[in-house]
Each structure stands twice: as structure tokens, then as C-alpha cells.
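In what follows, a structure is listed as C-alpha cells, so that the remarks can point back to it.
The values are calculated or read from the model by the stated rules, or taken from the named source; none is laboratory data. The shown structure was predicted, so the numbers you read here are calculated from the model rather than taken from an experiment. Glycine gets a Cβ as well: all are built from the backbone with ideal geometry, and neighbour counts include every protein chain shown. Only protein heavy atoms, including side chains, enter the accessible area calculation; ligands, DNA and RNA are left aside. Shrake-Rupley method; radii C 1.70, N 1.55, O 1.52, S 1.80 Å.
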Amino acid sequence: MTGRRTTTQGVYFNELMHTMERLADVGGWCLDVSEQTLFWTDQTKEIFGCKQTPPVEDVFAMYEENSRKQLQLMLQACEERGQGFSLDAQIVTPTGETRWVALMGEAKITDGVIRYVFGAVQNITRKKRRFEELKSQREQLDITLNNLLDGVVLIDRQGIIRSFSKPAEAMFGYRSAEVLGRNIRMLMPEPYAREHDGYMQNYHETGERKIIGIGREVEAKRKDGSVFPIDLAVTQTDFQSERQYIGTIRDISRQREAARRIEMLSYYDETTKLPNRYKFMSQLTELLGAKQRVGVLAINLDFFARINTVHGFEAGDQVLRVISHRVGEILPEGFVLAKDIGDRFWIAGILDSLATFYELAAKVLAIVRQPIQCQEQTYFLTASIGLVSAPETAASSELMAHAETALYTAKEEGRDQFSVYEDVMTAHVIDDYRMEVGLRKALIDGELECWLQSKVDAQHKVIGAEALVRWRRENGAIVSPARFIPLAERLGIIVDIGRFMLCAVADLLARLQQQGVLSAAFRIAVNVSPKQFLQPDFVTQVQSIFGQRNVPLSAVTLEITENLLLGNESLIRDRMLELTSQGVEFSIDDFGTGYSNLKRLQSLPLAELKVDREFILGVGQGKHQEALLETILRLAQGMQMNTVAEGIETPEQATFVLSQGCQQLQGYLFSKPTPVNEWFEEFVMCKQ
Ligand code: C2E
Ligand code: CA
Ligand code: CA
């Protein structure tokens, strides 16, 4: 029984071996060491693609070069020293097919002699291919991940980092070896780091997601501890039944920086880094939203442009920075400060009382007045400020416009002061605007006229006249120059008006010359505004207007005001000298009302002082007033100039000024301003 079973077992054993070999794709082999002959099992032949067992050399030839060398060395070591081996190698079958085999062998020792090498060979081609495929897929994936701009971080359920792409390394400053196996918290700043575990736990328990699947802007922490903004998108995968999370991370510092720069450029002033007009408007709107009383200050530096002109823009910018710094320091809590274009600043805030509002304005004036020391240069500045406090309903742009209106009033009233907006001002502004439009039209449509007012000497003989502009509106109404000259001056239209008057006077003088009634001492005075006088071509303009009509400049007096003399001294003197050398005389108009420096007046080629009507009105008004007039007249005489008293309306006034040594008189008592043609006819008639 036993033997039979053994036989049956023997039969089955062979079959079992074959089946096993086939199923596992594993074959056996045996090398006779002394004979160098091989024995292959059927499956080995199958694997190598051979019908018979080939000679050893042929078998070696089937191996790919590197594997062959390795195999030869290993086999030698096994034959000589009994070392077992195993090797994955590539072979090419006689039919040209490439296969991968796993080869193993060990020495078979009998009586202490290595007679055989027994071995197994497994066909691992499929496994190898699959592995190669996976490997190349993996490489492909790595290449992709590492070439993405985004970093990719893989974590497991516990938050442990399992994979960390190259871009992630660059972003965080860690090498992947430094982070793998550690908790993702290390890449997060507080409070994210603290909250992360709880957040993950909550997610596992409830499935409530805050971030899975959605991109979110959060903060991340680099190795050096610095924090940067990222855009994070997390997806969840279940890999080999283990949950994993893939985080895609984009560093958005650049975008943030670009956004910040754009914001900076559009909402902040380059020079002072203060909010600009647009930013201020939105800040103001926000303040108004609080439904409390809001105050706005519009601040302008007086004559600031001069600093730019004289010392350059860099100096101007520095001064602006000093001012912004100073104002910033006295700014009450909750107030905002902004810098508009040019030298315009804005302040706004919620007012607890009007008194504190005015105090703030006064403080700003005071700090601007303090001398500014900048690069060995000292600047003295003043400011003009317009104030407005808002009823709850006002819009920011409206409030700002009102503050600006008040600001202009402060400027007009002499600068270095603040002015508070009142509603009538708007009406005034609208009037001004209408007048501006009208005035520009007047110049084009010829609505301006030249009128003359005679000047007389002590014997009431006409010795000259003053030309005064008039504006006759379409409806025939005459507009007083007192109303439109200041506006024209502000708008620069005065230059054209001035030229018109010079031409009209030159025409008149030419006619008088033609009539033969122009005596050598006779002069017509023309009012010249500072803006007109300071035009670069003023001198040549005067020369050509009178030259073209062959009228000598010795028939012309130019009336200038003390304001003009505040400007560039040598430029003004040079111009005056050039004109006086050709016969022009200069007269100081409204003498006594300005701030002239007497020394300066004396250094200029002035022929005449016109004492302002304001002082003439003092006659008969008491000792004090008359003493003032006397002083002014004496002052004029002391400077050895011809004096003219203007605005003489009564014989008493005339007598008084003549008794004080005044040589010429002008006023309604002798003649009222008259349209040029009427005046001409009257004058010519008197002469005949
Ligand atoms: P102004 O140069 O001081 O001119 C004298 C002003 O006093 C004139 O007013 C004149 O009409 C007025 N006036 C003359 N006599 C009397 C009088 O007895 N009583 C009174 N109450 N007033 C008298 P007007 O023509 O209205 O001119 C006002 C100002 O406008 C002038 O003051 C001058 O500063 C300016 N202006 C007038 N025409 C021109 C011009 O052509 N160019 C420039 N730049 N300014 C001009
Ligand atoms: Ca005048
Ligand atoms: Ca005057």
C-alpha cells in the first residue's frame, strides 16, 4: 500500500510540479559545474523560448550585457565559494522577444564538493512591465507636480505630511525630507495651526467642511517663520482604503503685493503716502454714514508754487512731507488726513463741538507758520483753510466743494487764516461762474468799453485822465469793474482786458494827436494788474501797441498796485526801468492800503502816488482821520513824488488835500468816468 501510494504520489508529484511551474511561471535549472552543462525544466524552456536546453554559452548570450556580466560573476562565486545569488535580468529569446526574469541559484554540495548549481527562474516580465509603467507614471506625475506653479502637499487622516512637491519646497523653504512624516501644522501660523486638529476632527465626525473642495485664501508659514498669503484648495481621496487630503497651494504674495501697489497708486499720494482725494472721499462718506456732525477742512499752502519754482520740485516735495507730518501729529483721534494734488490737504472727522473744530483749524495754521528747515534752507509758509461742517444729509463731494469755497474766501481775505463756509457762498460761487462765462464772451463779443475820468491840477485844469474799463452787458447794464476785475485777475482774463485797454488808450491818444490837442505834459493813466505786468512779453506789448499808432510813451502813465511790488524785485525794477527810459511814468495806485515797504518804493522809478479814496473820506471826520490823511500825504511828499488824491467828491476834500501839498485831484467833483468818445468830444471842444 505504502509503495503504491508512493508511486501514485510520484506520478502526481511530477504533474504537481509541472502545474505549479506553469501556474507560477517558474522553472528550474541545474548546472553541472565540472561539465558546464545545463538542465532546464519544461517551464524554464518556456520562459527562455527554447525547445531544448541550449549550451551554457548560448544561454549567457541571451542575457542583456549588464545582466550577463553580473550573472557570470555571481555564478563564478557560487561555483567557487558556494555563494547563493538572485538577480533580476533582461533576456532576449531566440525569437527576439524581450523578457524579464528573476534568477536564483545556490550551490549543491556533495561530500564537500560543489558539483551542481541548482536554481529557479521566474518570468517577471509582466510584473516588471507593470512596475515600469507605474514608475514612468509616477515620474510623469512628479514632473507634473514639480513643474506646477502650485505646490502640492499630501496629508493623511492625522494630518501627517506624506508627500511634498518641489514647488512646495520652494514656497516653504523646507526640503521634503524635513517635513515628511510631520504634522501639517508646522506649515501654518497661528491661529490656523492651533485650530487645525480640532477642525480635522470635526470634519471626520460631522463631514462639515470649511475648505474641502473650495479654494480659500489663508496664511502659511515658511521655515524661516515668515508668514505669506496662499490660495489653498483641498481635495480628498481614498487611497488603499486610507483617506488622504491633497492640498494645492498657490503663493499669492505677488498678487497681494500687486493689488497693494495698485491700491497704493490709486488711493494714496506718492509724495506723502497719505490717502489721496479718492480715498478721502470714501473715508468721508464712511464718516457721514455715522450720522453725526462731520467737519471737513480744505487746506492750501499760500504761494506754495513759489517753492517749486525757486527751489525745485524735490524741495517742494520735502516741504509737503514736513507739513503732512506736522499735521498728522496734531490730528485728533478718529480724524483722517489726506493729500490731494498740488498743495491741497484735507482733514475730516466727527465733531464734538464747533469750538474744537475751529481750534483744529487754528492749530493747523500755527504749525504751518513754524519755519521749515530743509537742507540748509528755511521756508516760511502760511496756509489758508476752508471749513465746513455737515448736516447729516450732505454728500462727500458736496461738502468738499463747500470747504473749497470757504478756502477761496480765506485766500481772498488775505490768506493765513481760515474761513467757515456759509450757504451764501454757494450763491457767490454761482454768480462768479456766470460772470466768468459772461466775461469770456464779453471779450469776444466786444462788450468791454474804455471810459475816461479826467484828472485836474490845483487850478482845476485838466492835465490828464485815467482810463477805466466798463462792461456793458447785452441788456445794456453796466457792470462795475470792482465786481469783475478781481475775478478776471483770478482767472487770468485780466491779461486780455489789460491789452484791450492799452489799445483803446493808444487809439485815443492817436486821435488826440491827430486833432493837435495833445500837449507834452498830458498823460493818460492805464491800470495794470500784477498778472498783466508779470507777463513775459509785457514790455514789448506796450511798445508795439503804442509804436504801431505812433504815440509817444511819454503820454502814458501806468498805474500799478502795491501788491505787485511783493513779487520779484529785480525783475520788476528792470521792466519798469526799460519802460521809463522810453517815457512811461509809473504811479502807485491805492497808496496806503497795501503793505509796501517804503524803502522798496524808493528804490523804484516811481513818479506818482495816488492816495486812496479811503483816506480822502477822512476829511471832516475828526482830527484823528484827518491826521492820518496828513501823514500819508506828507509821506508821499517826503518821497519826492507827485501826489494825486482820488475820489474827491466835495470842495472841502479838495481844499484840504491841496492845503497839504497835493498837486493833482481826481473825483466826481470834477468829472465822472465817461465813455471814451464822449470824453474825447468834450475834451476837444474845451481845447478849441
Ligand atoms: P481805481 O484804479 O482806484 O479807480 C478809481 C475808482 O474810483 C474807479 O472805479 C472810479 O470810477 C472811482 N471814482 C473816481 N472818482 C470817484 C469819486 O469821486 N467817488 C467815488 N465813490 N468813486 C470815484 P471803477 O471805475 O469802478 O474801478 C474800480 C477799480 O477797478 C479801479 O480802481 C481799478 O482798480 C479797477 N480797474 C478799473 N479799470 C481797470 C482796468 O482797465 N484795468 C485794471 N487792471 N483794473 C481796472
Ligand atoms: Ca487806478
Ligand atoms: Ca485807486
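In contact with a strand residue (DSSP E or B) (Cβ under 7 Å, 6 or more places away or on another chain), closer than 21 Å to GLN541 by Cα, open to solvent by less than 20 Å² (accessible area, probe 1.4 Å) and charged (D, E, K, R): is that true of GLU559 in this structure?
Criteria met by GLU559.
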Practice prompt. Determine whether ARG483 is under 30 Å from VAL644 (Cβ atoms) and open to solvent by less than 40 Å² (accessible area, probe 1.4 Å).
Written response: no
Item to complete: For residues that are of a type outside the set (Asp, Glu) and out of contact with any helix residue (DSSP H, G or I) (no Cβ under 7 Å at 6 or more places or on another chain), scanning just the stretch 536-549, find the one that is most open to solvent (accessible area, probe 1.4 Å).
Response: GLN548
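Looking only at residues in the stretch 514-532 that are more than 16 Å from ligand 2 (Cβ to nearest atom) and under 22 Å from SER587 (Cβ atoms), which one is surrounded by the most Cβ atoms within 10 Å (Cβ to Cβ)? Break it down into steps so the answer makes sense when it comes.
If we filter the stretch 514-532 for residues that are more than 16 Å from ligand 2 (Cβ to nearest atom), which is where we start, we get 514-522.
Right, trim to under 22 Å from SER587 (Cβ atoms) and you get 518-522.
On the way: LEU518: 20, SER519: 11, ALA520: 8, ALA521: 10, PHE522: 17.
Looking at residues that are more than 16 Å from ligand 2 (Cβ to nearest atom) and under 22 Å from SER587 (Cβ atoms), I get LEU518.
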Discussion item. Would you confirm whether or not the stretch 587-606 contains a residue that is modelled with pLDDT under 90, farther than 22 Å from ALA465 by Cβ, within 16 Å of ligand 1 (Cβ to nearest atom) and touching a Phe, Trp or Tyr at 6+ places or on another chain (Cβ under 8 Å)?
Written reply: yes
Worksheet item: If the Cβ limit is 7 Å and pairs must be 6+ apart or interchain, which residue in the stretch 373-392 that is in a loop (DSSP other than H, G, I, E, B) pairs with which residue that is open to solvent by 60 Å² or more (accessible area, probe 1.4 Å)?
Response: PHE380/PRO371; THR382/ARG369; THR382/ARG415; GLU392/LYS291
Discussion item. Among the residues that make up the stretch 174-189, is at least one of them in contact (Cβ under 8 Å) with a residue 12 or more places away in the chain and touching a Ser or Thr at 6+ places or on another chain (Cβ under 7 Å)?
Written reply: no
Response to the item:
PRO675: passes all of (1) within 14 Å of ligand 1 (Cβ to nearest atom); (2) at pLDDT below 95 but (2)
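Got at least one residue in the stretch 565-572 being aliphatic (A, V, I, L, M) and either at pLDDT 95 or above or surrounded by fewer than 18 Cβ atoms within 10 Å (Cβ to Cβ) (or both)?
Start the filter on the stretch 565-572 by keeping residues that are aliphatic (A, V, I, L, M), which leaves 565-566, 571-572.
From what is left, the residues that are either at pLDDT 95 or above or surrounded by fewer than 18 Cβ atoms within 10 Å (Cβ to Cβ) (or both) are 566, 571.
Yes, there is a match, as at least one residue in the stretch 565-572 is aliphatic (A, V, I, L, M) and either at pLDDT 95 or above or surrounded by fewer than 18 Cβ atoms within 10 Å (Cβ to Cβ) (or both).
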Discussion item. Test of understanding: among MET435, MET425, which residue is at pLDDT below 90, within 16 Å of ligand 1 (Cβ to nearest atom) and open to solvent by less than 60 Å² (accessible area, probe 1.4 Å)?
Written reply: MET435
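Yes/no matrix, rows are residues, columns are (1) at pLDDT 90 or above; (2) surrounded by 13 or more Cβ atoms within 10 Å (Cβ to Cβ); (3) under 28 Å from the mean Cα position of the chain (by Cα):
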| residue | (1), (2), (3) |
| --- | --- |
| ALA348 | yes, yes, yes |
| PHE357 | no, yes, no |
| LEU381 | yes, yes, yes |
| SER389 | no, yes, no |
| SER396 | no, yes, yes |
| GLN417 | yes, yes, no |
Worksheet item: Any idea which residue in the stretch 584-595 is farthest from ILE648 (Cα to Cα), counting only those that are crowded, with 20+ Cβ neighbours inside 10 Å and away from ligand 2 (no atom under 13 Å from the Cβ)?
Response: VAL584
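For the stretch 136-173, give me each residue that is part of a helix (DSSP H, G or I), small (Gly, Ala, Ser) and touching a residue at least 40 places away in the same chain (Cβ under 8 Å). Spell out the reasoning first.
Residues of the stretch 136-173 that are part of a helix (DSSP H, G or I), as a first pass: 136-147, 166-172.
Going one step further and asking which of them are small (Gly, Ala, Ser), we end up with 136, 168, 170.
ALA168 - this is the single residue of the stretch 136-173 that is part of a helix (DSSP H, G or I), small (Gly, Ala, Ser) and touching a residue at least 40 places away in the same chain (Cβ under 8 Å).
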Item to complete: Scan the stretch 609-626 and report the pairs whose first residue is open to solvent by less than 10 Å² (accessible area, probe 1.4 Å) and whose second residue is away from ligand 2 (no atom under 16 Å from the Cβ), with Cβ atoms within less than 6 Å and a gap of 6+ or a chain change.
Response: VAL611/ILE632; ILE616/GLN653; GLY618/GLN625; GLY618/GLU626; GLY618/LEU628; GLY618/LEU629
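Looking at ARG499, ARG511, can you tell me which residue is within 24 Å of CYS686 (Cβ to Cβ), open to solvent by 10 Å² or more (accessible area, probe 1.4 Å) and at pLDDT 95 or above?
Details: ARG499 fails: within 24 Å of CYS686 (Cβ to Cβ).
Only one candidate passes the filter, namely ARG511.
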Worksheet item: Only one of these conditions is not met by ILE478: (1) under 43 Å from the mean Cα position of the chain (by Cα); (2) of a type in the set (A, V, I, L, M); (3) outside the structural domain of ASN300 (by TED's automatic domain parsing). Which number is it?
Response: (1)
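Filtering the stretch 634-651 down to residues that are more than 16 Å from ligand 2 (Cβ to nearest atom) and at pLDDT 95 or above, which residue is surrounded by the fewest Cβ atoms within 10 Å (Cβ to Cβ)? Write out each step before concluding.
We begin by selecting, within the stretch 634-651, every residue more than 16 Å from ligand 2 (Cβ to nearest atom); these are 634-635, 637-640, 649-651.
When the remaining residues are screened for being at pLDDT 95 or above, the result is 649-651.
Details: GLU649: 15, THR650: 14, PRO651: 9.
Selected residue: PRO651.
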